[in-house]
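Report on the structure given below.
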Amino acid sequence: MDNKELQRIKSRKLKNSVFHGLIFFCTIFGVIVLALLLYDILKKGLPWLTIDFLTNFPSRFPKKSGIFPGLLGSLWIILLTAALAFPVGVGTAIYLEEYAKENRFTEFIKLNIANLAGVPSIIYGMLGLAVFVRALSMGRSVLAASFTMALLILPIIIISSQEAIRSVPSALKQASFALGTTKWQTVTGVILPYALPGILTGTILAISRALGEAAPLIVVGALTYVSFIPKTPLDQFTTLPIQIFNWSSMPKREFQNVAAAGIIILLGILLLANSTAIILRDKYQIKIKD
Amino acid sequence: MKKIDFKSKSGMQRNEKIVSSVLFLFGIISIFTTFGIVFSLFEETVLFFKEVSILDFLTGKEWTPLFEPARFGVLPLVFGTFLIVIFSSIISLPIGLGSAIYLSEYAPKKARKILKPILEILAGVPSIVYGYFALTTITPIIKSIFPDASVYNALSAGIAVGIMTIPMVSSLSEDAMMAVPNSLRQGAYGLGSTKFEVATKIVIPAAFSSIMASFILAISRAIGETMIVAMAAGSTPKMTLNPLESIQTMTGYIVQISLGDVPYGSIGYKTIFAVGTLLFTITFILNIISRTIVRKFRRVY
């Protein structure tokens, strides 16, 4: 090989190394940002994180402010949302995977679900405002918010449940049908038990998305300053993210630290939910393999 | 073990029928949702256009619906949204694509195992947290570099939206690159190519349509992003291309009005539905384009 050729190989290798470094930095960028974000929030929020913060109502004074109504509001909405969205989401997935005929109408439903998954969350808020708050006169209540959130996370639950159901080996299904069972007996006896871990994981992820959403609830009419806790589904409400939003936009600087404390609680709950999802999935998957 | 009662065959068939019709009803709820969205948006929007002409709305350069004289030109909100899209894309598209290339072509298995979950965590952080981050961390950094930047500015919000959409670009593009068959790579390596050459000349062209689709989805997501812009971008509708100024986006306007006390049926109430219709239409078209690109231009190996 002459000198020119060697030179060329060298420059090609150099290009490769430079590019390697560049895209490695791209990947690390996310890690750096996450670390920075967590450090910032923990530094500001931890000193404000006390038992009083969890049990107090919001206040004009940063030191007395608490997140209790937000916590309970979020809990109400999450439970109702899950109760509404889980059966419908899983039911739709079963319908699409096991019952629906392969025709244009089924294709249309599938396309429609994929499109719904891409609709901005604030648009769901406007749907909730027009349909649940006004037309069905639920008012600016926990119930209206839960219906709105249920529609928002429905596409996510359907799509992940579909994937879980599709992963059931067809040999298991055939064996069940060969015993003379009806479709529904095969669904409840074979398909659902096998697909359940996947379905639950998808549902928990969808619910964590709902837990962090604020935009649709602002449109539906969540309150930003609440001095009571919702007792029935028809009461008004606030949620964790909306409390955080409210504190962040206060002119007093100390409220930013209160907001950080709220974010720690929110992220803590999300972390707990996600680890539960992972543990649940792993545990059940082993059980079925046995 | 449950026993199956084979005697009541007709009963079983009846149950089957009931079950399948209930499931069918669940299936069409999603269609009702779409119709619900379209209908509820259009109903108020039609009322709005009885008072304001469509042309004034789409081409007007002033947006002052709640002041006198009230003007209903939506362009300032569209411009604001556009600024956010530009700056978020500058962050999310190259960084997302870069990390996708790294994860799919360069990363050793161990690095992948650590880095992928971190990107997933980044995707799971609620947008309100990014909004807080923009307001309390990114904005002070911008202000220390550009002292005359406004407290609420498009740049800060745009960067935060960009960071939020990185995992989306990254994971969708990575999936596309992983789907490129290994034989193509082996062929190029056999000719003595470097990893850089394989990535840029083989893998990216082969996965190009899906990468483009992921870019469009990220842009659509940036257009619909709400809490970050509501917290960090300000609330002054303005036709400007200066990212250091306070602006307002379409979503930001809807939040501002929803927070205030706008009575049902008033012109202010109708404006959010008109803006919502525009927002829905834009994101809907982008999502369709992205899906069409994937379907039409996908190479099957």
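Here, each number is a calculation from the coordinates, and none is a lab measurement. Values in this document were obtained by computation on a predicted structure and should not be read as measured data. Quick reminder, even Gly has a Cβ in these numbers, built from the backbone with ideal geometry, and neighbours come from all protein chains shown.
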Karplus ³J(HN,Hα) for segment B:206-221 (6.51 cos²θ - 1.76 cosθ + 1.60, θ = phi - 60°; Hz, whole; x = Gly/Pro) runs 5, 9, 4, 5, 5, 5, 4, 4, 5, 4, 5, 4, 5, 5, 4, 5
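What value, in deg cm²/dmol to 500, does the helix sum -39500 (n - 2.57) over DSSP H runs of n ≥ 4 give at 222 nm once divided by the residues of chain B?
Numbers: 12 runs with 204 residues, N = 301.
So the helix-based figure for chain B works out to -22500 deg cm²/dmol.
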Pairs to check: B:LYS110/B:LYS195; A:LYS252/B:LYS143; A:LYS43/A:LYS252; A:LYS110/B:LYS113. Give those whose C-alpha atoms are more than 21 Å from each other in this structure. A:LYS110/B:LYS113
Using alpha carbon centroids, what distance separates segment B:171-188 and segment B:227-244, in Å? 39
When averaged across all projection directions, what area in nm² does the alpha-carbon convex hull of segment A:59-169 cover? 9.7
Simple Cβ-charge dipole of the protein assembly as shown, Lys/Arg +1 and Asp/Glu -1, about Cα centre, in debye nearest 20: 1720
Distance from segment B:7-50 to segment A:137-177 (C-alpha centre basis), Å: 14
Take every residue in peptide A:181-187, count the Cβ atoms of other chains within 10 Å of its Cβ, and give the average of those counts. 4
Cα centroid distance between segment B:190-218 and segment B:151-165, in Å? 28
What residue among A:ILE242, A:LEU152, A:LEU280 has its Cα farthest toward the positive end of the dipole of segment A:53-289, where the charges are +1 on Lys, Arg and -1 on Asp, Glu, each on the Cβ? A:ILE242
Inter-chain shielding metric for B:153-164, i.e. average beta-carbon neighbours from other chains within 10 angstrom, reads 1
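Let me know the shape class of segment B:91-165, please: from the alpha-carbon gyration tensor, a ≥ b ≥ c as square roots of the eigenvalues, rounded when a/c is under 1.5, otherwise prolate if a/b is greater than b/c, or oblate. Display every interim value, and only then the final one.
Working: a/c = 3.06, a/b = 2.17, b/c = 1.41.
Cα axes put segment B:91-165 in the prolate bin.
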Dipole of segment A:53-289, positive end: most advanced residue of A:GLY202, A:VAL131, A:GLN256 [Cβ charges, Cα centre]: A:GLN256
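Sort B:VAL85, A:VAL219, A:VAL142 by Cβ crowding within 10 Å, fewest neighbours at the top.
On the way: B:VAL85 21, A:VAL219 28, A:VAL142 25.
Neighbour counts put them in this order, fewest first: B:VAL85, A:VAL142, A:VAL219.
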Send over the per residue convex hull volume for segment A:231-290, Cα only, as a whole number of Å³. 108
If the only charges are +1 at each Lys and Arg Cβ and -1 at each Asp and Glu Cβ, what is the size of the charge dipole of segment A:1-81 around the Cα centre, to the nearest 20 debye? 360
Given A:89-99, A:14-24, the highest-first ranking by average Cβ count within 10 Å works out to A:89-99, A:14-24
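Give me A:LEU143, A:LEU79 ranked fewest to most by other Cβ atoms within 10 Å of their Cβ, as a rough exposure proxy.
Working: A:LEU143 22, A:LEU79 13.
Starting with the residue having the fewest Cβ neighbours, the order is A:LEU79, A:LEU143.
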By how many nm would the segment from A:GLU163 to A:LEU271 lengthen if fully extended, with 0.36 nm per residue of separation less the alpha-carbon distance? 36.5 nm
For A:PHE237, enumerate residues with amide H under 5 Å from its amide H, sequence gap 5+ or separate chain, H modeled in the peptide plane. A:LEU223
Can you find, among A:VAL18, A:LEU38, A:LEU6, the residue farthest towards the positive end of the dipole of segment A:3-48? Put +1 on the C-beta of Lys and Arg, -1 on that of Asp and Glu. A:LEU6
Sequence order, segment B:172-188: Karplus ³J(HN,Hα) from phi using 6.51 cos²θ - 1.76 cosθ + 1.60, θ = phi - 60°, Hz rounded, Gly and Pro as x, gives 5, 5, 5, 4, 5, 5, 5, 7, 5, x, 5, 4, 4, 4, 4, x, 5
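Counting each DSSP H run of 4 or more residues in chain A as -39500 (n - 2.57), what helix-only mean residue ellipticity at 222 nm follows after dividing by all residues, to the nearest 500 deg cm²/dmol? Could the numbers behind the result be given before it?
On the way: 12 runs with 207 residues, N = 290.
Using -39500 (n - 2.57) per qualifying helix, the result is -24000 deg cm²/dmol.
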Summarise the partner chain shielding of B:268-279 as one whole number: the mean count of Cβ atoms from other chains within 10 Å of each residue's Cβ. 2
Nearby lysines by direct alpha-carbon distance to B:LYS9 (threshold 25 angstrom, same-chain neighbours under 8 apart not counted): A:LYS101, A:LYS173, A:LYS183, B:LYS17
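How long are the semi-axes of the equivalent ellipsoid of segment A:3-48, taking √(5λ) for every eigenvalue λ of the Cα gyration tensor, in whole Å from largest down? Kindly include the intermediate steps, with their values, before the conclusion.
Working: eigenvalues 384, 7, 3 Å².
Its equivalent ellipsoid spans semi-axes of 44, 6, 4 Å.
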When the C-alpha atoms of chain B are aligned to their principal axes, what extent does each axis show, in angstrom, from largest down? 69, 67, 37
Within segment A:53-289: Cβ-based charge dipole about Cα centre, in debye rounded to nearest 20 (Lys, Arg +1; Asp, Glu -1): 340
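By per-residue mean of other Cβ atoms within 10 Å, what is the highest-first order of B:208-221, A:242-255?
B:208-221, A:242-255
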Expressed as a rounded percentage, what relative contact order does chain B have, with Cα pairs under 8 Å and six or more residues apart? 25
Taking every alpha carbon pair in chain A, what does the distance histogram look like in 10 angstrom bins from 0, in percent? 6, 21, 25, 21, 14, 8, 4, 1, 0
The computed P(r) of the protein assembly as shown puts the percent of Cα pairs beyond 46 Å at 19
